[in-house]
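The values are calculated or read from the model by the stated rules, or taken from the named source; none is laboratory data. Just so it is clear, the structure is predicted and the values come from calculations on it, not from any experiment. Don't worry about glycine lacking a Cβ; one is built from the backbone with ideal geometry, like all the others, and counts go over all protein chains shown. What goes into the accessible areas is simple: the full protein's heavy atoms, side chains included, and nothing from ligands, DNA or RNA. Shrake-Rupley method; radii C 1.70, N 1.55, O 1.52, S 1.80 Å.
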Amino acid sequence: MKILRRSVLAGAGAATLLGRAAGAQTKVKFGVLTTASQAAFYVGAKKGIFAKYGFDVEVQPLATGVQANQALAAGQADWSGGGVESTVVAWATGLPFKAYSMYAKGGDSYAILVRKEAGIASPKDLKGKKIAVPQGTAPAQGLNQVLKEAGLPANAVMRVNANYGNMGQMLISGAVDAMAGLEPFLTLTEEKMEGKASILLRLGKYVQGGGLFLISDKWAAANPTKVADAVAALWESQQWVRKNPKEAAAIEAEFLKVEPRIVEVSFKFLTYDPLIDDFTAKSLQTTADYLAEEKLIPAPLKLEPHLAELNKVTQQVKAKYPQLLQ
């Protein structure tokens with residue numbers, strides 16, 4: 001009987017410890033865009049890396065950076081990721097969240113894909129063509145710079161507003177002559193067109209791809225000691241993707257509902273690097289200037305104040321977990 005009682009008590013004690021461990025997990029609503037660039041978010045959740053750092057993550061699929069902004073501002077998500085452009089718009093309009101890290105980089109994940117029968121062999125041939133492009137995005141900015149470099153005015157082409165998911169069908173149907181888009185949608189569209197489309201050029205020379213890891217001000221205020229842990233968890237997730245690209249592509253493919261090889265193609269143009277380098281900093285400012293010129297934000301924006309928390313947390317995580325940058 002004593003042995004039984006000890007066993008019961010031991011079991012109760014274990015259950016209590018397990019309950020405490022479960023209770024120690026901080027719940028997080030994580031808005032994740034259905035793009036390969038945000039693979040570290042989903043892979044980190046699936047591989048238990050965020051759980052390792054004390055987070056019980058609920059992934060909420062989102063379609064666009066605008067949706068991510070809205071979800072964070074409305075309290076429907078605690079964390080998310082935004083492209084460079086959508087994040088700059090959020091800063092300019094005072095939305096209640098901050099950036100704490102890069103989640104990926106890679107401007108060459110953006111490109112201009114053209115119908116071969118449209119006769120577009122060089123950027124100068126874009127003159128007078130219909131181009132599907134999402135307004136206020138990196139491809140839109142990159143397209144403007146391509147036109148300028150080719151000696152063409154911004155209005156030399158007819159822009160057809162589209163999103164990354166539907167522009168491929170526009171090109172396939174012949175509704176447009178070209179699309180300024182994002183991987184893996186570029187590769188998917190090119191394959192569906194069976195030799196009738198080709199990449200004119202990639203846009204990494206002009207813009208930064210990927211984007212920024214965002215945390216709502218409300219969540220950060222409620223969990224001030226966990227912000228650096230969230231960033232560390234992301235950095236480890238990025239490192240895992242870097243070291244295990246094939247398995248990471250298979251995991252991300254489940255989320256995107258595409259074949260793993262499509263994600264592997266995207267990975268060729270993306271790096272899961274959390275740090276803001278000189279090109280990224282320059283690209284952020286160029287993007288802010290572009291959005292102001294296009295009247296997509298109310299006034300020009302200097303970005304240093306908006307990167308203050310990111311720079312602060314980056315130093316903390318680098319000092320505590322230098323191995324995560326290997």
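Worth pointing out:
- Within the option set Gly94, Gly48, being open to solvent by 50 Å² or more (accessible area, probe 1.4 Å) and not hydroxyl-bearing (Ser, Thr, Tyr) holds for one residue only, Gly94.
- Residue selected from the range 255-276 under the condition charged (D, E, K, R) and without any contact (Cβ under 8 Å) to a residue 60 or more places away in the chain, by the criterion surrounded by the fewest Cβ atoms within 10 Å (Cβ to Cβ): Lys257
- Complete set of residues in the range 96-113 that are in contact with a strand residue (DSSP E or B) (Cβ under 6 Å, 6 or more places away or on another chain), part of a strand (DSSP E or B) and over 21 Å from Lys312 (Cβ atoms): Tyr110, Ala111, Ile112, Leu113
- Of the set (1) assigned to a helix (DSSP H, G or I); (2) of a type outside the set (Gly, Ala, Ser); (3) closer than 17 Å to Glu252 by Cβ, all apply to Phe30 but (1).
- Evaluated against (1) at pLDDT below 95; (2) surrounded by fewer than 23 Cβ atoms within 10 Å (Cβ to Cβ); (3) in contact with a strand residue (DSSP E or B) (Cβ under 7 Å, 6 or more places away or on another chain), Val66 falls short on exactly one condition, (3).
- Complete set of residues in the range 164-186 that are in contact (Cβ under 8 Å) with a residue 40 or more places away in the chain, more than 24 Å from Ala253 (Cα to Cα) and surrounded by fewer than 22 Cβ atoms within 10 Å (Cβ to Cβ): Gly174, Ala175
- Qualifying positions in the range 127-141 - open to solvent by less than 10 Å² (accessible area, probe 1.4 Å) and either aromatic (Phe, Trp, Tyr) or in contact with a strand residue (DSSP E or B) (Cβ under 6 Å, 6 or more places away or on another chain) (or both): Ile131, Ala132, Val133, Ala138, Pro139, Ala140
- Number of residues in the range 33-58 that are among the β-branched types (Val, Ile, Thr), at pLDDT 95 or above and either outside any helix (DSSP H, G or I) or under 11 Å from the mean Cα position of the chain (by Cα) (or both): the value is 1.
- Contact map, the range 78-93: residues that are under 19 Å from Ala220 (Cβ atoms) and aromatic (Phe, Trp, Tyr) paired with residues that are part of a helix (DSSP H, G or I) and open to solvent by 10 Å² or more (accessible area, probe 1.4 Å), Cβ distance under 6 Å, separation 6+ or inter-chain. Pairs shown: Trp91/His306.
- Per-region count, the range 280-311, residues farther than 21 Å from Gly210 by Cβ and at pLDDT 95 or above: 0
- Search result, residues across the range 70-84 that are part of a helix (DSSP H, G or I), open to solvent by less than 10 Å² (accessible area, probe 1.4 Å) and under 28 Å from Tyr206 (Cβ atoms): Leu72, Val84
- Within the set Ala221, Ala250, the sole residue that is surrounded by fewer than 20 Cβ atoms within 10 Å (Cβ to Cβ), free of Cβ contacts under 8 Å to residues at least 40 places away in the same chain, more than 20 Å from Gly82 (Cβ to Cβ) and small (Gly, Ala, Ser) turns out to be Ala250.
- Residue count for the range 293-317 satisfying the condition of being under 22 Å from Pro134 (Cα atoms) and either free of Cβ contacts under 8 Å to residues at least 40 places away in the same chain or exposed (fewer than 14 other Cβ atoms within 10 Å of the Cβ) (or both): 5.
- Residues that are farther than 30 Å from Gly168 by Cβ and within 20 Å of the chain's Cα centre (by Cα), drawn from the range 198-218: Ile215, Ser216, Asp217
- Sole residue being at positive phi and in contact with a Leu (Cβ under 9 Å, 6 or more places away or on another chain), chosen from Gly142, Gly174, Gly136: Gly136
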